[in-house]
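FYI, it's all coordinate maths here, none of it is from the lab. All figures in this text were calculated on a predicted structure; none of them were measured in a lab. All Cβ positions, even for glycine, are placed from backbone atoms using ideal geometry, and neighbour counts span all protein chains on display.
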Amino acid sequence: MSVRFEEVLARDGKLVHTGVGDSMLPMLRPKRDLVIIGRPSGRLKRYDVALYKRGSGQYVLHRVLKARGDEYVLCGDNQWSRERGVTDRQIIGVLTAFVRDGKEIPVTDPRYRLYAHLWCDLFWLRAAVLWCLTLFGRIKRKLTRRHNKTPGSGERSISSVQNIDQGILTERRKEP
């Protein structure tokens, strides 16, 4: 029986968990680094990392890019697509620290704060680079699929058609 994150935060005041996805790379390495999540105290601010629950029930850990009105604009550090419309009701917790190679790094650490500021403030540059990298990956996958595609039933490759034409010509020459 699994315990929901909300229950752990309500009971213990904090949640320690291993991240599983790669959306927060390079800060959080999946299945290696631990995240320490605390209960939010008030409205989140830009640069905070929120743990929230999507309508599908999926838990997500992403950084706040903007807090406007009654909603947030969030994005993973390893993503270029923003998620809009996340509300305070969906926010379960906020990152207070993470553990990398046995060393706890609080979000108040000056190096972490510098990283968060650079990562958010240069979002447009990061988004452009990640978009290009995903574009090259999509092109590569498409070319690989096209190269590996074998003719199915009813389809003939050019070489097959040429061989059939050659066979027909050879048979016609043999006829008396």
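Listed values, structure above:
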| item | result |
| --- | --- |
| Residue that is surrounded by the fewest Cβ atoms within 10 Å (Cβ to Cβ) [pool: residues in region 94-126 that are farther than 17 Å from Lys31 by Cα, charged (D, E, K, R) and touching a residue at least 24 places away in the same chain (Cβ under 8 Å)] | Arg113 |
| Unique residue being free of Cβ contacts under 8 Å to residues at least 60 places away in the same chain and more than 16 Å from Met24 (Cα to Cα) when the list is Gly85, Gly76 | Gly85 |
| Those strands (runs of 3 or more DSSP E) lying entirely in region 13-95 with at least 3 residues touching a Leu at 6+ places or on another chain (Cβ under 8 Å) and among the aliphatic types (A, V, I, L, M) | 34-38, 49-53, 59-68 |
| Filter result for Arg46 (of a type in the set (Lys, Arg) and either touching a residue at least 40 places away in the same chain (Cβ under 8 Å) or in contact with a Pro (Cβ under 7 Å, 6 or more places away or on another chain) (or both)) | yes |
| Leu28 surrounded by 16 or more Cβ atoms within 10 Å (Cβ to Cβ) and in contact (Cβ under 8 Å) with a residue 60 or more places away in the chain | yes |
